[in-house]
Amino acid sequence: MPKIYQLPPSVINKIAAGEVIERPASVVKELMENSVDAGSTRIDVAVEQGGLQLIRVSDNGCGITPDDLPLAIASHATSKIRDADDLFRVGTLGFRGEALASIAEISQFLLRSRTHDGPAGAQLEVAGGHNQGISPCGCPAGTTIEVRNLFYNTPVRRKFLRSTQTEMGHIGEAFTRIALAHPQLHFTLRHNDREVHDLPPVSDMRERIAALFGADIARDLIPVASSDGDVHLAGHVANPTHSRANNRMQYLLLNGRAIRDRSLQHALGEAYRGLLLTGRFPIAFLRIDMPADLVDVNVHPTKLEVRFQEAGQLYSQLLGTLRTKFLSTDLTARLQPTADDDVALAHDRQKTDQLRQELVSWAKGQLSTMQPATTSSPVGVVDEYDPLSKPVSQTRIDLPYAPRPHAPLEIVKLDRSWQAAGPEEEDAELAVAEADAAVRDMEHSGSVPVAAAVMAASGVAALQVHNRYLIAESEEGVVVIDQHALHERILYEQLREKVLSGKLESQRLLVPEAVDLSPAEAAAVMDSRDVLAQLGVTIEPFGGDTVLVSSYPAMLANISPVQVLRDLVDRLLSGGKLPDRRDLLDELLHMISCKAAIKAGDRLSPEEISALLEQRHLAQDTHHCPHGRPTALVFTREELDRQFKRT
Ligand code: ADP
Ligand code: MG
């Protein structure tokens, strides 16, 4: 029979530390939050070697009396709540009394503090959880905490850490969240003696956004505000001209605390429905302020997630506020090209802008006919929502002029190998179910696989319809080719071969382009410099979070380098953790070929059509575009005969 032991406090603390302190950025977050809770007006953060060597946070807050110092680092000791009832009206960022105890357990820890009316300061040293004693010291009013050699006594945890750049990226993100939530406070961040941010106090969140994310985004922000009883929503959302490939630029600040909330993120996506292309995410900086008893912040060790009492109502409020705002905002006016746009790109831009304007007017039409969400539905909606899930209807075609009015002709998954090819296939069960459905559909519709037929269509001139599909006769029947998907696949194959054989043409820019990034983005880019170089994109550091693009692939000549880099960055960050090198390269190849390929909507000349069809044979696998969608569908003659009731 195994014997049961009570664990010693040091082990308990290490376990607790594992929950709260995942990486250096967690320390920065906890210390900064303590400084905010202490009523500080200025908070300075200094970091060395991505926080592994040193993290120092100094503030001018209320300070700690020498008598209280031992308690500050004791676990479950806090000045912020007293009893269980307080848990339901937490007005501070901290309340668990765990952070300092956890940090001191796994680092060399030094705390210096003096209260404003205290005669002298005192300092407390702890090494790996062992209190080294308290001694008087001279120091300004406020608190300074130094954390050295984080994880030095928990080597497993240390092993999981990534490069200095990446860890610094996370620190920058933690810093950004807190600085954004408290624009009235002065924050600074230094890394290895280099100033990363100096954010003087400002009265408006918009100015803080500009200081953190650059003037580009700040200029195109749309202010929003609404109140529903005691629940106040205020902040800024970006004009649809700005968007991201993931939802990292959606800052939700609940009572001064940055949170993640799938339901609210979903509401944001809904509000922008039709205004952004699929796969793009809105940018938002939103404060939600509500009485503390309407939300439970004690559901997650780092309080990143919370539970709202009236989640449905909040969802509706957010969605309704944005929709109403968009209806009264002239989104199209902001979509005009700006004065400093490159002349060479003007023509392209004009075309894109025209398309965008059409999209916006269409979306506005849609918005005005939509009912605001009801309070009862959102929870169910959200549970099923997964931004990564693949639209199931990708290969389904609804013909509006179907022969039978009540049963539109549906051509279904003709070849289901794409099911396995999907790069982001996450849910195996779903895949199996879809595959089964596809087989049933195929049996039902009598369709056949594409492969042979696509090849047979060679040399046949094709008809372009709706500027996006090419229709050609094949031996078996009719082939419908998705011009973008096919071109993308061909480029992907060519590009991959060139990259693998080191023969990719890269073009040096006469004037390197500077790109302002967020700290996390800059870190990811610097980390992936060599992979990017393999793709012909040369990146150089340029101080702060700005990088220079000094050369980039010749085949992307007509797309702006800034745009290319921004999209690459989105890709780099969209996986959560950095994918391994090969996956990354492959991902980026997909992205570049997608960018360089002709688009749906591009009118093609007969020569271009022939060239595209000819090149089809150059690619190894032209049946599917790199995203796993089919590039061509075949309608067999038998199928047509059957549908037209000839057989
Ligand atoms: P919590 O923040 O959940 O109370 P912590 O372990 O983070 O727990 O901090 C423990 C206590 O130490 C706090 O409740 C607070 O009284 C004190 N403290 C920590 N940091 C500071 C600071 N920068 N200024 C003043 N007091 C602080
Ligand atoms: Mg705390």
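Computed values, structure above
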quantity: Residue identified as modelled with pLDDT under 80 and among the small types (Gly, Ala, Ser) among 610, 574, 593; calculated: 574
quantity: Residue under evaluation residue 97, criteria (1) closer than 16 Å to residue 72 by Cα; (2) within 14 Å of ligand 1 (Cβ to nearest atom); (3) at pLDDT 95 or above, criterion not met; calculated: (3)
quantity: Candidates 120, 74, 104 - the one that is away from ligand 1 (no atom under 11 Å from the Cβ) and farther than 19 Å from residue 36 by Cα; calculated: 120
quantity: Any chance residue 632 is modelled with pLDDT of 80 or more and farther than 15 Å from residue 524 by Cα; calculated: no
quantity: So residue 477, is it modelled with pLDDT of 80 or more, within 25 Å of residue 644 (Cα to Cα) and not charged (D, E, K, R); calculated: yes
quantity: Failed condition for residue 38, given (1) under 24 Å from residue 132 (Cα atoms); (2) surrounded by fewer than 22 Cβ atoms within 10 Å (Cβ to Cβ); (3) within 16 Å of ligand 2 (Cβ to nearest atom); (4) touching a residue at least 24 places away in the same chain (Cβ under 8 Å); calculated: (1)
quantity: Residue that is surrounded by the most Cβ atoms within 10 Å (Cβ to Cβ) [pool: residues in segment 64-88 that are within 14 Å of ligand 2 (Cβ to nearest atom) and aliphatic (A, V, I, L, M)]; calculated: 64
quantity: Test: residue in segment 296-316 that is among the β-branched types (Val, Ile, Thr) and over 25 Å from residue 92 (Cα atoms); calculated: no
quantity: Members of segment 5-54 found to be within 15 Å of ligand 1 (Cβ to nearest atom) and of a type in the set (Asp, Glu), listed by number; calculated: 19, 30, 33, 37, 44
quantity: Pairs, first farther than 11 Å from residue 99 by Cβ and in contact (Cβ under 8 Å) with a residue 24 or more places away in the chain in segment 9-31, second of a type in the set (A, V, I, L, M) and within 11 Å of ligand 1 (Cβ to nearest atom), C-beta under 6 Å, six or more apart; calculated: 13/101
quantity: Candidate set from segment 89-120 (those that are within 14 Å of ligand 2 (Cβ to nearest atom) and farther than 25 Å from residue 149 by Cα); member that is surrounded by the most Cβ atoms within 10 Å (Cβ to Cβ); calculated: 93
quantity: Considering residues of segment 78-94 that are touching a residue at least 60 places away in the same chain (Cβ under 8 Å) and closer than 27 Å to residue 183 by Cβ only, the residue farthest from ligand 1 (Cβ to nearest atom); calculated: 89
quantity: Qualifying residues in segment 3-34 (those that are hydroxyl-bearing (Ser, Thr, Tyr) and touching a helix residue (DSSP H, G or I) at 6+ places or on another chain (Cβ under 9 Å)) - the one nearest to ligand 2 (Cβ to nearest atom); calculated: 26
quantity: Segment 173-192 residues that are modelled with pLDDT of 95 or more and among the polar types (S, T, N, Q), paired with ones that are in a loop (DSSP other than H, G, I, E, B) and surrounded by fewer than 20 Cβ atoms within 10 Å (Cβ to Cβ) (beta carbon under 6 Å, 6 or more apart); calculated: 184/201
quantity: Unique residue being outside any helix (DSSP H, G or I), in contact (Cβ under 8 Å) with a residue 40 or more places away in the chain, in contact with a Phe, Trp or Tyr (Cβ under 6 Å, 6 or more places away or on another chain) and buried (at least 22 other Cβ atoms within 10 Å of the Cβ) when the list is 43, 55; calculated: 43
quantity: Residue check for residue 61: within 16 Å of ligand 2 (Cβ to nearest atom), touching a Gly at 6+ places or on another chain (Cβ under 8 Å) and over 20 Å from residue 22 (Cβ atoms); calculated: yes
quantity: Any hit, segment 482-502, residues being over 30 Å from residue 551 (Cα atoms) and either at pLDDT 85 or above or in contact with a Cys (Cβ under 8 Å, 6 or more places away or on another chain) (or both); calculated: yes
quantity: Near pairs, Cβ below 9 angstrom, 6+ apart or cross-chain, from segment 501-522 (under 24 Å from residue 25 (Cα atoms)) to any residue that is basic (Lys, Arg) and surrounded by fewer than 20 Cβ atoms within 10 Å (Cβ to Cβ); calculated: 517/566; 518/248; 520/248; 521/248; 521/566
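Conditions tested, residue by residue: (1) out of contact with any Ser or Thr (no Cβ under 8 Å at 6 or more places or on another chain); (2) among the basic types (Lys, Arg); (3) without any contact (Cβ under 8 Å) to a residue 60 or more places away in the chain.
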position	(1), (2), (3)
76	yes, no, yes
105	no, no, no
115	no, no, yes
157	yes, yes, no
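One line per residue, one yes/no per condition, for (1) aliphatic (A, V, I, L, M); (2) assigned to a loop (DSSP other than H, G, I, E, B); (3) closer than 24 Å to residue 246 by Cβ; (4) out of contact with any Lys or Arg (no Cβ under 8 Å at 6 or more places or on another chain):
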site: 532; (1), (2), (3), (4): yes, no, yes, yes
site: 539; (1), (2), (3), (4): yes, no, yes, no
site: 549; (1), (2), (3), (4): yes, no, yes, yes
site: 552; (1), (2), (3), (4): no, no, yes, yes
site: 555; (1), (2), (3), (4): yes, no, no, yes
site: 559; (1), (2), (3), (4): yes, yes, yes, no
site: 565; (1), (2), (3), (4): yes, no, yes, yes
site: 570; (1), (2), (3), (4): no, no, yes, no
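The values are calculated or read from the model by the stated rules, or taken from the named source; none is laboratory data. These figures come from a predicted structure and were not determined experimentally. Virtual Cβ from ideal backbone geometry, glycine too; neighbours counted across all protein chains shown.
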